[in-house]
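What follows is calculated from the coordinates using simple rules that are stated; it is not laboratory data. Just so you know, these numbers come straight off a predicted model, no measurement behind them. FYI the Cβ positions are ideal-geometry reconstructions off the backbone, even for glycines, and counts take in every protein chain you see.
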Amino acid sequence: MLVESVSIVGLWGSRNLDASFFEDSNFLIGPNGSGKTTVINLIAAVLTADWPTLSRIPFSRVRLVLNDQETGSKSTVAVDKSFDRQRRFPSLSYRFEDDKGPRDYSGDDIDRQMRHHPTRRMIGAIFEELRSVVRVQWLSIHRRPLQSAEDDEDDSYESTVDQKLDELSRELIKFFSKLASAGEAESEQFHKTVFTSLLYGQTSQWDLITSVKSLNLDHEKTALEEIFRKFGVPERAYSDQLTEHFNLVSAALSSGIQLSTPHLIALVSMRSIHLVVKDWQSTLERQLEISKTKEQFLSLLNEMMKPRKRFSVNEKNELQSWVGVDAIEQAEIAQP
């Protein structure tokens, strides 16, 4: 069953709402305080017989039309709320209508059950009716709020979208943090490769020359410069030494078999550099694969929200957004 439409009378005492929903996705858009969260909370409360929320939110009547996508049949669930000065709590009445006909559960019946079972959140018959027509899984907003030991006896549940959004935000931070940790683990593994590449490896002079000759020295130099930049090494700290090193390697390859000590050292270092560069490229590929899920999530989210909002993940792995002109500027910065 899907919620096809909702009608609310007397929301906050004076407002009425009639809304129809699409089958796939629906967005409630409005300024802060306009009642978006309240409407969703109220729909969820009707579908789950959440007495505390139904009693707390001011309204006179809520009517939901449910549509069975498989059979095409429709049913309605309505809740009426009235007040009596002699009663401590408002009186709530449920009415179900479908091809079986109408079924009413009066406020008096509910009040009697509530007095006998003050801590029960669902009243038996109404719960069975709701369970037979709908399962609230389109938005799982029912979570027990954090309570102190003194509040444990209160068995009420609060249905709030804000609480669900906070929970989702925390879960996203955890997820993005795990991805960041996995990326850092790849960097740590690369550090180990750097050190192991310094260890002695037995090889002949001829094999050494042959292996270095097969390398693209310009590519190796560019890759090494990229590694330095990645780890925050200032260019002035390595530029001259890097140029001198590759000049020595080129000279060594041109000198034939008779190598001077500096030339031999340059070739040995070049072999170690190649191992480091090769592993660095593999590290980048693995880190790219790790971050792919996050990038796909942000791409989908930004595609849904453009051009009004733009989202990214900051250094604390928190989801942050820009609105309006700032969103457009961030989108331009993100363009390759």
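List of remarks:
- Cross-linked pairs Lys192/Lys221; Lys164/Lys316; Lys74/Lys294; Lys213/Lys292: Cα-Cα separations exceed 31 Å for Lys74/Lys294; Lys213/Lys292.
- Note on Ser272 and Glu186: their simple-model spin labels are 2.6 nm apart, each label 7 Å out from Cα toward Cβ.
- Each peptide among 127-134, 171-178 gets the average number of other Cβ atoms lying within 10 Å of its residues, and from highest to lowest they stand as 127-134, 171-178.
- Here Glu244 and Leu301 are evaluated by their C-beta separation; at R0 = 45 Å the FRET efficiency comes out at 0.40.
- Considering every alpha-carbon pair of the stretch 1-40, the percent of pairs per 10 Å bin, from zero through the bin containing the longest distance, is 24, 57, 19, 1.
- For Phe297, Phe231, order by how many other beta-carbon atoms lie within 10 Å, fewest first: Phe231, Phe297
- Loop-resident sites, the stretch 15-46, for chymotrypsin sites (Phe, Trp or Tyr not before Pro), counting at most 11 other Cβ within 10 Å (DSSP): Phe22, Phe27
- Dipole axis of the stretch 166-334 (+1 Lys, Arg; -1 Asp, Glu on Cβ), positive-most option in Val268, Tyr238, Thr293: Thr293
- Each Lys or Arg adds one and each Asp or Glu subtracts one; over the other residues with Cβ under 12 Å from the Cβ of Gly72, this totals -3.
- For q = 0.21, 0.31 Å⁻¹, Debye-computed log10 I/I(0) when each Cα of the stretch 42-81 counts as one equal scatterer: -0.64, -1.05
- In the stretch 166-334, the convex hull through the Cα atoms has an average projected area of 12.6 nm², a quarter of its surface area.
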